[in-house]
Amino acid sequence: IARFTIDYNLPGVEHVTIAGATHRIVDVVIAPIKDMYGKVTNMIVQHKDITERKRAEKALMESAEKFRILVENVKDYAIVMLDVGGHVADWNAGAELIKGYRADEIVGQHFSRFYPKEDVERGRPERELATAAAEGRFEDEGWRVRKDGSRFVANVIITPMRDDASQLRGFVKFTRDITARKQAEMALQTKNEEYESLNEELRSTIEELQAAAEELEAQKEELRVVSHYSRTLLETSLDSLVTISAEGKITDANTATEKITGMSRKMLIGSDFSDYFTEPETAHAGYLKVFEQEQVIDYPLAVRHTSGKITDVLYNASVYRNEQGEVLGVFAAARDISARKQAEEAISAKNKELENYIYITSHDLRSPLVNIQGFSQRLQKQADSIKAVLSDSPLTPETKARIDAMTDKGIPKTLNFIFTSVAKMDTLLNGLLHLSRTGRTIMAIKQIDINQLFKTIIGNFNFQLTELDAMVTAQDLPSCYGDENLLSQLFSNIIGNAIKYRDKNRRLVIEITAYMEFGKAIYSIRDNGSGIESRHLKKIWDVFYMVDSTLADAGEGLGLSSVKRIAEKHNGRVWAESESGKGSVFYVELQTIEFYE
């Protein structure tokens, strides 16, 4: 018995039984008929038309490949396929980017390794799968763990996969890193606390000055408290995903794209992708940039809905190719940042309000300072005149002793206290003006050669470092993007602190190193100075906070506040590790790709 498939393309052939067929796929079975002696006398040939089945199989394969390309290019979502027991069966490039594992490291492992240890011990992963299986969907926000042990806040959606008989075959798990959104919410709270701290410090300083000059005509300055920051918006919608041809035409789009544009998928396909943005030329420029750089990260645009609604988005796009490596087009994912942008605008507005408040307060306080200083000097001259007049007058010894006590001790002591307070207040106001200027600076963002920047900074400290016989080492450091003047100020403040708070019983050593993490450069400045007790580490970034205010060169407590503000203006962050008596390490995280202020 023989069995084979024939792909017919022979019109008019007599043994093709389907009338009018010009191209059919036929399953053929041939069986011999034998006589009693085993001799083949006839053949039975059976034809079965399987053309439609083959076409359906081909269409399914093409659809599956298209879906695979779409999922594989999703960078903002970790898409993980789990078996019934919760073991990883497959995942996309977004999962590798977010979680840090390669596919060959994680396939076959239980998905609980993405959860903090305490959640695993409480059986949280298993409960999530059970809920998804029972209710058809599970969604939650919480901490997750990357390969390197670092934690991030994730939005997680788990849905079950079932066959035609409703038997559970596994799960699909979608994970999105929402740490940035949570940090924005925390930043709002931090800024509010910072403002309250600043307000309290200013009030205390003014009260101290008024007490010192209570015999003079004082002017009272009222400080108005800025209202609390606006609350952040709720969770954004799912990302808009589109594929775009080399000619700039949309070839496919998901449901989120329909929602954000107000257009159906049928209407979107074939249209020019730039038509749906408020600035088509900017969108087209970003599209061309993808072909130049292979990808574009966090490209800011605004999508216009048919209703007129505008949605701010960040686009992440990359080219996709066929098996021969030829570029077919662009895959783009748009993340709705409307809520985050509003939060950032709220922070920016409050920062400007705070900076204006600082500037105006610092500027206006100079007038009473000048008055206090002038009247104090006049009082000094008047006291000297009184003493000169009385010295020529006939006085009893008791009266003369009392007058001498006032003119030689009492009045000079009071005036000295006033002059010292005025000088302290003047230094404080200068620091506040400098801090307000830092926040008001418009950045000139460009690629910075950090090696050259540190070379210049170390050169500026050359005299002090030479006098101290200090040793400074720096490895080859990766470049970053930012404002050169502000970054010079940031790193100068940190190195200046290392010199100021050195351990005078040993040679000062400063080590400058860096490493890359998730596409960002993290620079570290390590010293072997006096160190900082752990209870101070969270407060050293606050305005006016000083670890030890009794030191002669303690400063105003504004240096590290400026460091933090500059890092935040660069979409970065700073933190420190230290141990009293053993030195400190200051870390600065900065962007290695071009960003927008």
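Structure summary
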quantity	calculated
Single residue of ALA521, ALA514 found to be open to solvent by less than 40 Å² (accessible area, probe 1.4 Å) and in contact with a Cys (Cβ under 6 Å, 6 or more places away or on another chain)	ALA521
Failed condition for VAL45, given (1) surrounded by 12 or more Cβ atoms within 10 Å (Cβ to Cβ); (2) modelled with pLDDT under 90	(1)
Among the candidates ILE566, ILE495, ILE499, residue that is at pLDDT 90 or above, out of contact with any strand residue (DSSP E or B) (no Cβ under 7 Å at 6 or more places or on another chain) and outside any strand (DSSP E or B)	ILE499
Residues being under 24 Å from the mean Cα position of the chain (by Cα) and surrounded by fewer than 18 Cβ atoms within 10 Å (Cβ to Cβ) - total across region 80-94	1
Matching option when the condition is at pLDDT 65 or above, in contact with a Phe, Trp or Tyr (Cβ under 8 Å, 6 or more places away or on another chain), open to solvent by 20 Å² or more (accessible area, probe 1.4 Å) and among the hydrophobic types (A, V, I, L, M, F, W, C), among LEU241, LEU198	LEU241
Positions within region 100-123 being assigned to a helix (DSSP H, G or I), farther than 19 Å from GLU141 by Cβ and not charged (D, E, K, R), in sequence order	ALA103, ILE106
Region 177-196, residues that are under 14 Å from the mean Cα position of the chain (by Cα) and of a type in the set (Val, Ile, Thr)	ILE178, THR179
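The values are calculated or read from the model by the stated rules, or taken from the named source; none is laboratory data. Nothing here was measured: the structure is a model prediction, and the numbers come from that model. Virtual Cβ from ideal backbone geometry, glycine too; neighbours counted across all protein chains shown. Note: areas computed on protein heavy atoms with side chains; ligands, DNA, RNA excluded. Shrake-Rupley method; radii C 1.70, N 1.55, O 1.52, S 1.80 Å.
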